[in-house]
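The values are calculated or read from the model by the stated rules, or taken from the named source; none is laboratory data. Bear in mind the structure is a predicted one, so any value in this text is a computation, not a measurement. Note that we place each Cβ from the backbone using ideal geometry, even for glycine, and neighbour counts take in every protein chain shown. Accessible surface areas use protein heavy atoms only, side chains included; no ligands, DNA or RNA. Shrake-Rupley method; radii C 1.70, N 1.55, O 1.52, S 1.80 Å.
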Amino acid sequence: MDFLQIAKSRYSVRKYKDMPVEKEKLDKILEAGRVAPTGVNAQPQRIIAVTSREGLEKLGKGAKTFNAPVVLIVCTDKDSAWVRPADGKNIAEIDASIVTDHMMLQATELGLGTVWMCWFKPDVIREEFNIPNSYEIVNLLAVGYADCEPLSADRHGEMRKRIDETVTYA
Ligand SMILES: Cc1cc2nc3c(=O)[nH]c(=O)nc-3n(C[C@H](O)[C@H](O)[C@H](O)COP(=O)(O)O)c2cc1C
């Protein structure tokens, strides 16, 4: 499948089969995140791959897991990310989101469903997983085999803005 077709066929999966993700597939997803670009190659992402029943139960106290067999907690270490000198903007969250996107699209290519989540209770997750205060929890990415009808890859005509609503040329 070419890249645009993978991107169009991805949709948010909020119901998963009670089926594990194969280790080789999870390794490949994590590898896609590892090779993602980050500002000045700082690689501030710190990822907790939650795969155990116990871990998923703990995560369920601070997030919806949609019964996914794998949820990746994508954190970022603000102290190790690049800071733009002109205005002091720390790009750690941008880096973490690029990593998340790489992993999400790799999972799609492997035939897995995903949902990216920012709705969660950071304090609860931090406590449950002993995440240091210096890390920000940026995204959760649930991964597993979808237990729902796939959304059409052609849906974007209606579900997305037109190019001229979001892009200008200068
Ligand atoms: C940054 C970000 C945060 C999101 N947070 C959540 C979330 O907390 N819970 C959820 O169910 N979906 C979440 N989503 C999924 C979006 O709602 C979804 O991607 C969007 O509605 C488009 O639908 P699609 O993914 O099926 O194409 C998030 C997506 C992104 C990119």
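Values computed for the structure shown
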| read-out | value |
| --- | --- |
| Counted residues, region 106-148 - those being part of a loop (DSSP other than H, G, I, E, B), surrounded by 18 or more Cβ atoms within 10 Å (Cβ to Cβ) and in contact with a helix residue (DSSP H, G or I) (Cβ under 6 Å, 6 or more places away or on another chain) | 0 |
| Criterion (small (Gly, Ala, Ser) and in contact with a Pro (Cβ under 9 Å, 6 or more places away or on another chain)) met by exactly one of Gly55, Gly62, Gly88 | Gly62 |
| Restricting region 72-105 to residues that are within 11 Å of the ligand (Cβ to nearest atom) and among the acidic types (Asp, Glu), the residue that is least open to solvent (accessible area, probe 1.4 Å) | Asp101 |
| Top-ranked residue in region 149-163 [being open to solvent by less than 100 Å² (accessible area, probe 1.4 Å) and within 12 Å of the ligand (Cβ to nearest atom); ranked as nearest to Leu112 (Cα to Cα)] | Pro150 |
| Selection status of Lys58, under 28 Å from Val124 (Cβ atoms) and in a helix (DSSP H, G or I) | yes |
| Complete set of residues in region 1-50 that are in a loop (DSSP other than H, G, I, E, B) and open to solvent by less than 50 Å² (accessible area, probe 1.4 Å) | Arg10, Tyr11, Val13, Val21, Ala36, Thr38, Ala42, Pro44 |
| Subset tally (residues that are in contact (Cβ under 8 Å) with a residue 40 or more places away in the chain, in contact with a Gly (Cβ under 9 Å, 6 or more places away or on another chain) and not aromatic (Phe, Trp, Tyr)) for region 32-89 | 11 |
| Number of the exception - Ala96 against (1) at negative phi; (2) under 16 Å from the mean Cα position of the chain (by Cα); (3) part of a loop (DSSP other than H, G, I, E, B) | (3) |
